[in-house]
1. Find the residue count for region 32-64, including only residues that are part of a helix (DSSP H, G or I) and closer than 17 Å to Asp95 by Cβ.
2. Among the small types (Gly, Ala, Ser), at pLDDT 90 or above and assigned to a helix (DSSP H, G or I), is that true of Ser67?
3. Which ones in region 70-87 are assigned to a loop (DSSP other than H, G, I, E, B) and either among the polar types (S, T, N, Q) or surrounded by 18 or more Cβ atoms within 10 Å (Cβ to Cβ) (or both)?
4. Name the single residue, out of those in region 125-162 being part of a helix (DSSP H, G or I) and aliphatic (A, V, I, L, M), that is nearest to the chain's Cα centre (by Cα).
5. Restricting to region 103-119, count the residues that are farther than 17 Å from Cys77 by Cβ and in contact with a helix residue (DSSP H, G or I) (Cβ under 8 Å, 6 or more places away or on another chain).
6. Would you pick out the residues in region 35-54 that are touching a helix residue (DSSP H, G or I) at 6+ places or on another chain (Cβ under 9 Å), over 25 Å from Asn69 (Cα atoms) and open to solvent by 70 Å² or more (accessible area, probe 1.4 Å)?
7. When only residues in region 137-170 that are under 19 Å from Thr124 (Cα atoms) and in contact with a helix residue (DSSP H, G or I) (Cβ under 6 Å, 6 or more places away or on another chain) count, which is modelled with the highest pLDDT?
8. Looking only at region 90-106, count every residue that is open to solvent by 60 Å² or more (accessible area, probe 1.4 Å) and either of a type in the set (D, E, K, R) or modelled with pLDDT of 95 or more (or both) and tell me the total.
Amino acid sequence: MKKQKDKNNITSTEGHVLVLGDDSRGVLAIVRSLGRKGVKVFLGAEDPKKSVAAVSRYVSIFFKLPSRNSPEEWVTCLKKIVSIHKIGLIIPGTDMMSVLLFKQREHLQHLTKLALPDERGFTTTYSKHLTLKLAQELDIPVPETILINQPNDLPERIQSGGLIFPLMVK
């Protein structure tokens, strides 16, 4: 009997997986996890010298990507990689790559799968303020949080007694 593919299982992805990101232990963890499952992993990053994952035994091919400061060149390069190497899934390995891939998704989503949430999910998870707001709406306990948009507003908030010490400013 033929084993059915599980559509939610990464190993059932048609084609190879391209992981995006420079030096990050998270990128290395993604590469290793996929490689251990027998998935053929490619890595795309700007600087191979900064990438610990680039020397992983699980990386089949390393692609030096154009600077993320040149989004047109970056997405053109990704399109070529996807079509030439039959990439079935692109996984951003860092927050920076998630943002860039999300902004360029319309150029790529018709060519391959992208490991990204929809627009509402991305916006909510990327904004700490929106994430906390959603958690509060769902009755999930969160620390008391005050959003200060401008650094100059902080002294005024402290003087008005709206902040109780000790506190953490991030």
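The values are calculated or read from the model by the stated rules, or taken from the named source; none is laboratory data. Everything numeric here is computed off the predicted structure, so don't read it as measured data. No Cβ is skipped: glycine too gets one built from the backbone with ideal geometry, and neighbour counts run over all protein chains shown. For the accessible areas, the whole protein counts, side chains as well, though only heavy atoms, and no ligand, DNA or RNA atoms are used. Shrake-Rupley method; radii C 1.70, N 1.55, O 1.52, S 1.80 Å.
1. Selection size over region 32-64: 2.
2. no
3. Of everything in region 70-87, just one residue is assigned to a loop (DSSP other than H, G, I, E, B) and either among the polar types (S, T, N, Q) or surrounded by 18 or more Cβ atoms within 10 Å (Cβ to Cβ) (or both), namely Ser70.
4. Step by step, filter region 125-162, then rank; the result is Leu130.
5. 2
6. Result: Lys37, Lys40.
7. Here the residue is Val142.
8. Residues in region 90-106 being open to solvent by 60 Å² or more (accessible area, probe 1.4 Å) and either of a type in the set (D, E, K, R) or modelled with pLDDT of 95 or more (or both): 3 in total.
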